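See below for the structure under consideration.
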Amino acid sequence: MVVVPLRAPSLAYTGISIPERKVVDQMGPEWVIVGIIAVVVLFGAKKLPEMARSVGRAQGEFKKGLKEGAVDDAGQPAAETPESKPDPEPKTES
């Protein structure tokens with residue numbers, strides 16, 4: 001019996017030419033409409049405003065966190081942290 005080693009196909013050339021176009025260029029306005037309809041069907045028209053509000057709140061919290069982080073990085077003390085508070089002495093019962 002003769003064993004012939006298998007070779008993996010070459011990845012350098014596959015024979016398929018893919019034009020370099022951006023995804024946005026390939027999407028027309030009809031696909032945007034299809035996407036909107038799909039979101040409405042999946043989540044329902046009543047749920048969408050609630051989801052938009054929660055995304056807006058999350059975005060606001062994220063921006064607030066970035067601002068607080070920038071203040072901390074600048075060397076200015078931010079709000080009081082638990083590390084800066086002195087530890088209370090434990091109570092001993094007699």
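Laboratory data are not the source of any read-out in this text; all were calculated from the coordinates shown. Small disclaimer: the values here were computed from a predicted structure and weren't measured. Glycine gets a Cβ as well: all are built from the backbone with ideal geometry, and neighbour counts include every protein chain shown.
A compact table of results
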quantity	calculated
Label-point separation in nm, ALA58 to ASP72, each point 7 Å along Cα→Cβ	2.1 nm
Positive minus negative residues near PHE43 (Lys, Arg vs Asp, Glu; Cβ under 14 Å)	+2
Gained length - LYS47 relative to GLN26, 0.36 nm times residue gap less alpha-carbon distance	4.6 nm
